[in-house]
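Undergrad: Following this message is one structure expressed as structure tokens.
The values are calculated or read from the model by the stated rules, or taken from the named source; none is laboratory data. Here the structure is a predicted model, which is why all the values come from computation and not from measurement. FYI the Cβ positions are ideal-geometry reconstructions off the backbone, even for glycines, and counts take in every protein chain you see.
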Amino acid sequence: MNTAFLSLGSNVGDRFAMLQDAVRMLRHQEGVEVTRISSVYETDPVGYTEQATFLNMVVEIMSELSSEKILSICLETEQSLGRIREFRWGPRCIDLDILLYNDENIVLEKLIIPHPRMHERGFVLVPLIELVPDQVHPVTGVPFSDYAKGQKEGVHVWKTIDGVDAFVRSES
Ligand code: GSY
């Protein structure tokens with residue numbers, strides 16, 4: 001069994017509903033169990049800053065699937081939720097990134113794990129260390145909590161979540 005952490009973000013439309021729908025879709029995937037979810041954070045945009053604030057969160061999944069298969073699931077989830085991204089760093093209704101896959105260092109043409117920019121993004125680090133406060137970066141050995149120091153500005157709890165079931169909205 002593998003443990004992976006995914007980063008979810010949205011800054012277009014009903015941002016919270018997008019996150020809920022993405023988690024619901026992950027839960028419905030054969031071979032994927034969503035085991036833990038962080039609080040939802042409202043975060044200032046990083047990179048291209050002339051865009052709306054994001055809602056971000058991190059989810060932990062357990063799965064027998066390969067990292068490449070999980071990447072396909074992330075891309076399919078983005079597409080089914082109608083992701084429209086006009087340019088690389090621009091607004092998006094939903095974004096799913098694989099942050100960690102066990103403690104593995106994976107370098108493929110379309111997939112690098114640990115996510116190459118995760119240690120410099122407060123919107124990833126703050127929700128991640130809420131779930132795994134003692135986790136170290138699998139390549140550098142530096143605790144993510146150390147990377148998070150000085151990167152908490154512009155990252156604020158927007159909603160605390162009491163478990164996966166409470167988070168996912170009615171499926172009627
Ligand atoms: O890489 C994910 C998309 N993204 C985000 C994001 O999710 N949150 C914040 N705060 N800034 C971002 N810039 C980009 S690109």
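Undergrad: Scan the stretch 110-122 and report the pairs whose first residue is over 23 Å from Ser72 (Cβ atoms) and whose second residue is assigned to a helix (DSSP H, G or I) and modelled with pLDDT of 95 or more, with Cβ atoms within less than 8 Å and a gap of 6+ or a chain change.
TA: His119/Leu125; His119/Phe144; His119/Tyr147; Glu120/Tyr147; Gly122/Ala148
Undergrad: Let me ask you something else. Taking the stretch 9-50 on its own, how many of its residues are closer than 21 Å to Val126 by Cα and in a loop (DSSP other than H, G, I, E, B)?
TA: Of the residues in that region, 9 qualify.
Undergrad: Restricting to the stretch 125-150, and then to whatever is of a type in the set (A, V, I, L, M, F, W, C) and over 18 Å from the mean Cα position of the chain (by Cα), can you tell me which residue is farthest from Ile161 (Cα to Cα)?
TA: For the stretch 125-150, the residue satisfying everything is Val139.
Undergrad: Assuming Leu96 fulfils every condition listed in (1) under 27 Å from Ser80 (Cα atoms); (2) surrounded by fewer than 20 Cβ atoms within 10 Å (Cβ to Cβ) apart from one, which condition is it?
TA: With respect to (1) under 27 Å from Ser80 (Cα atoms); (2) surrounded by fewer than 20 Cβ atoms within 10 Å (Cβ to Cβ), Leu96 is out only on (2).
Undergrad: Moving on. I'm trying to understand the selection: among the residues of the stretch 137-162, which are of a type in the set (Val, Ile, Thr), assigned to a loop (DSSP other than H, G, I, E, B) and at pLDDT 95 or above?
TA: Listed by number, the residues that qualify are Val139, Thr140, Val142.
Undergrad: Which one is nearest to the ligand (Cβ to nearest atom) among residues in the stretch 87-125 that are at pLDDT below 95 and touching a helix residue (DSSP H, G or I) at 6+ places or on another chain (Cβ under 6 Å)?
TA: Here the residue is Ile94.
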